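First the structure, in the form of structure tokens, and then the observations on it.
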Amino acid sequence: MKAQLRELVLQAIKSLQNDTILPADLALPGFVIERARSREHGDFACNVAMLLAKLARANPRELAEKLVAALPANALVEKVEIAGPGFINFYLSPDAYHAEVRQIFDRGDAYGRSESGAGKTVGVEFVSANPTGPLHVGHGRNAVIGDCLSRLFDATGWNVKREFYYNDAGVQIANLAISVQARARGILPDDSGWPEKGYRGDYIADVARAYLDRESVVADGETVVGEGDVDNLDAIRRFAVASLRREQDLDLKAFGVGFDVYFLESSLYSDGKVEEAVKGLVDHGHTYESEGALWLRTTDYGDDKDRVMRKSDGTYTYFVPDVAYHLSKWQRGYENAVTVLGSDHHGTLARVKAGLQALDVGIPKGWPHYVLYQMITVMRGGEEVKISKRAGSYLTLRDLIDEAGRDATRYFLIARKTDSQLIFDIDLARSQSNDNPVYYIQYAHARVCSVLRQAPEKGFTVDLQEGLAHLDRLDTEHEQILLTELSKYPELVEAAAANLEPHILAAWLRELANAFHTYYNSYQFLVDDAALRNARLALVVATRQVLKNGLGLLGLSAPESM
RNA sequence: GCCCUCGUAGCUCAGUUGGAUAGAGCGGCCCCCUCCUAAGGGGCAGGUCGGACGUUCGAAUCGUCUCGAGGGCACCA
């Protein structure tokens, strides 16, 4: 709808230019067509006259008059008014909304999908947790954000690759290995022989036991068998990594999250990607040697100081493999790339981006996009739940899913802007009651199903085709509000994907559910007048479809009864 | 000290990229089942959009300063 109105306005501007009312060389201002905030202002409002007035030094209202006169006729538009300082308000015809309902029926599950991504490839990297422990709430937020973004990209015509990057060989992994080894030797976290930075959680003991029992684990397509030899640290490391990777995968699966690519940091070294990246940076003259180390001149790209790439002991600092990894994404044809990252890592962005620019291989400046999310405070019983990995006090993602359910956990973690700190109230999330907003949306879906189930029981026929032919019977205010909400869905999917903001979909689904519940409480759908009955049923079935599609984009179920 | 994010109702948060009278949920008070699940609906109360100055037709939104919260500022990852 919005796009069609925009086209009409553009034609009107062109027409005024032809009539020399507006200069032909006018730089087109970035005007907007937006949903009117209140129904008194019609359906859509356009601010173009006010912006043009400034450029053409004309009176905005007079210019609006001329623009309106030049607007081509269109069946969508019932009337156009000028209001306030020069807004052009569009009032859509009932036919415009009825056509939208027919669209929903025609396209079904595909309603709201678009081809704006044009089949280009986007790589979405998320979770990327190192296999040193179970996933916690923060990983959960990361997982839902990445998963919903992936779904949104898919819905807007992108070819999506979901990618999980992890370190299987660094300092943390060595620490994991010695922790498991200590446990396998019967040393407890408070004993004197316990490694200083060892991971203290109970899961370490579980891994140690499985290793000693020579169990086998399957992770990332490989089978690793515990050798049982307490002195073989390398075997312990491989077994521990595989064990924790498998646990994480089980948790993610329970959360409805999956990946196309698992990328190992160690492969960047074994495949020569790190050397390639370093060579690229050195060859382009963006590095220098100082104090026995190799430095990257990141200050050339807006960083506040230069960064060490290769330490004096010959090993690389962590951001070098990061640059190599992103280079690999670029080389694998990811025209767009999104990395979901906790905001505590935001300091690394500048140097990774600087490194990618310094490679000089044509990577655009804004590539990749980083979606940063703030930390989570978990509340239980009115008190903050403290999380400390090292101390072993842990609220795992699995705990949350078990307690609150997949849908509620996902909804709570996606319903807010990523860059606001969020408070996760476990008591609220696990409450199976009307306090819980996710059920409110799902209930709307279930209610439509319930109505359809009851129609034959009450002796009513359901003929949706007849309903679609009588949509003009939907003439109440409640019906108009619902029709309007439904028509917003394609715009919202587009906006949520383009702005990397899945939360706006979550917020809007609540509004759609509210419009439906209000309607439900105001009118009977199952009435004797067949044309009216079927028209109303067609409307609520369309609502059910859009609820289902929207819930699907958030990875939430659409239950038929509750 | 420097950098990033945030600050909107008692609480938790939206606010369509600068638009018209700032919204929702929870909590509080009041009302609605002879009726398709009341896991619902309607209403009332509740605001100096942290503060100040600026930019312009117009600011919660942009800029500068300031206060507050969180995070980042290692040859740690």
**Among the candidates A:LEU483, A:LEU537, residue that is within 12 Å of RNA strand B (Cβ to nearest atom), over 30 Å from A:LYS120 (Cβ atoms) and either assigned to a helix (DSSP H, G or I) or over 34 Å from the mean Cα position of the chain (by Cα) (or both)** = A:LEU537
**Message:** Which of the numbered conditions does A:GLY459 fail, given that it passes all the others? Conditions: (1) on the phi > 0 side of the Ramachandran plot; (2) open to solvent by 70 Å² or more (accessible area, probe 1.4 Å).
**Reply:** (2)
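Look at A:VAL340 and say whether it is more than 18 Å from the chain's Cα centre (by Cα) and surrounded by 15 or more Cβ atoms within 10 Å (Cβ to Cβ).
Working: more than 18 Å from the chain's Cα centre (by Cα): no; surrounded by 15 or more Cβ atoms within 10 Å (Cβ to Cβ): yes.
No: the conditions fail for A:VAL340.
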**Asked** Right, A:GLU511: over 30 Å from A:PRO368 (Cβ atoms), open to solvent by 60 Å² or more (accessible area, probe 1.4 Å), within 13 Å of RNA strand B (Cβ to nearest atom) and in contact with a Cys (Cβ under 6 Å, 6 or more places away or on another chain) or not?
**Response** no
**Item:** Of the criteria (1) assigned to a helix (DSSP H, G or I); (2) more than 7 Å from RNA strand B (Cβ to nearest atom), which one A:TYR439 fails
**Value:** (2)
**Residues of the range A:39-57 that turn out to be open to solvent by 10 Å² or more (accessible area, probe 1.4 Å), more than 6 Å from RNA strand B (Cβ to nearest atom) and either more than 30 Å from A:ALA24 (Cβ to Cβ) or among the aromatic types (Phe, Trp, Tyr) (or both), as a count** = 2
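Could you identify the single residue in A:LYS329, A:LYS365 that is of a type in the set (Lys, Arg), open to solvent by 10 Å² or more (accessible area, probe 1.4 Å) and more than 12 Å from RNA strand B (Cβ to nearest atom)?
On the way: A:LYS329 fails: open to solvent by 10 Å² or more (accessible area, probe 1.4 Å).
The match here is A:LYS365.
From the list A:LEU413, A:LEU428, exactly one residue is at pLDDT 85 or above and either open to solvent by less than 10 Å² (accessible area, probe 1.4 Å) or within 11 Å of RNA strand B (Cβ to nearest atom) (or both). Which is it?
Values: A:LEU428 fails: at pLDDT 85 or above.
Residue meeting the stated conditions: A:LEU413.
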**Request:** Select, from A:ASP313, A:ASP229, A:ASP234, A:ASP300, the only residue that is within 15 Å of RNA strand B (Cβ to nearest atom) and either open to solvent by 70 Å² or more (accessible area, probe 1.4 Å) or part of a loop (DSSP other than H, G, I, E, B) (or both).
**Result:** A:ASP313
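Residues checked against (1) of a type in the set (Ser, Thr, Tyr); (2) free of Cβ contacts under 8 Å to residues at least 40 places away in the same chain; (3) assigned to a strand (DSSP E or B):
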position: A:VAL257; (1), (2), (3): no, no, no
position: A:SER266; (1), (2), (3): yes, no, no
position: A:VAL282; (1), (2), (3): no, yes, no
position: A:GLU289; (1), (2), (3): no, yes, yes
position: A:VAL320; (1), (2), (3): no, no, no
**Item:** Flag if A:ILE376 is in contact with a Phe, Trp or Tyr (Cβ under 6 Å, 6 or more places away or on another chain), β-branched (Val, Ile, Thr) and at pLDDT 90 or above
**Value:** no
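Yes/no matrix, rows are residues, columns are (1) modelled with pLDDT of 90 or more; (2) within 11 Å of RNA strand B (Cβ to nearest atom); (3) hydrophobic (A, V, I, L, M, F, W, C):
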residue	(1), (2), (3)
A:ALA358	yes, no, yes
A:HIS369	yes, no, no
A:LYS386	no, no, no
A:PHE424	no, yes, yes
**Request:** For residues that are without any contact (Cβ under 8 Å) to a residue 60 or more places away in the chain and within 15 Å of RNA strand B (Cβ to nearest atom), scanning just the range A:172-194, find the one that is farthest from A:TYR318 (Cα to Cα).
**Result:** A:ASN175
**Complete:** Those residues of the range A:486-507 which are within 21 Å of A:PHE412 (Cβ to Cβ), assigned to a helix (DSSP H, G or I) and more than 8 Å from RNA strand B (Cβ to nearest atom) amount to A:LEU492, A:ALA496, A:LEU505, A:ALA506
**Message:** Out of the residues in the range A:84-101 meeting the condition of being part of a strand (DSSP E or B) and touching a residue at least 60 places away in the same chain (Cβ under 8 Å), tell me which one is surrounded by the fewest Cβ atoms within 10 Å (Cβ to Cβ).
**Reply:** A:LEU92
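The values are calculated or read from the model by the stated rules, or taken from the named source; none is laboratory data. The model shown is predicted, which means the values in this text are computed figures rather than measured ones. Using ideal geometry, Cβ is built from the backbone for each residue, glycine included, and neighbour counts are taken over all protein chains shown. Heavy atoms of the whole protein, side chains included, go into the accessibility calculation; ligands, DNA and RNA do not. Shrake-Rupley method; radii C 1.70, N 1.55, O 1.52, S 1.80 Å.
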